[in-house]
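Have a look at the structure below, then the notes.
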Amino acid sequence: GQFADMVKQVSEDAVEAGKLGEQMTADAVQGKAELTDVVTAIANAEVTLQTVVAVRDRMISAYQEILRMPI
């Protein structure tokens, strides 16, 4: 259960980071946000997405390795 909870939390954090980046972009278009804040939010969302993709790739690799194990 702990691993599943961790994966769930990471995915929720990734979604929130993406939403924050989108909101900051919309605020910048309306003139309500500073450019540095927008760049920071987008960079944070990008790093979070890269982390999620790396974890996914490692999980798939581990699963494939388990499938190759002899019984």
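Report, by residue number, each residue of region 29-45 that is open to solvent by less than 40 Å² (accessible area, probe 1.4 Å) and part of a helix (DSSP H, G or I). Hits for region 29-45 are V38, A41, A45.
Residue count for region 46-64 under the criterion of being over 18 Å from A17 (Cα atoms) and either in contact with a Gly (Cβ under 6 Å, 6 or more places away or on another chain) or open to solvent by 100 Å² or more (accessible area, probe 1.4 Å) (or both): the result is 2.
Residues that are in a helix (DSSP H, G or I), in contact (Cβ under 8 Å) with a residue 40 or more places away in the chain and among the small types (G, A, S) occur in region 3-21; there is at least one.
The values are calculated or read from the model by the stated rules, or taken from the named source; none is laboratory data. A quick note: this is a predicted structure, and the numbers were derived from the prediction, not measured. Note: ideal-geometry Cβ built from the backbone for every residue, glycine included; neighbour counts use all protein chains shown. Side chains included, ligands, DNA and RNA excluded: accessible areas come from the protein's heavy atoms. Shrake-Rupley method; radii C 1.70, N 1.55, O 1.52, S 1.80 Å.
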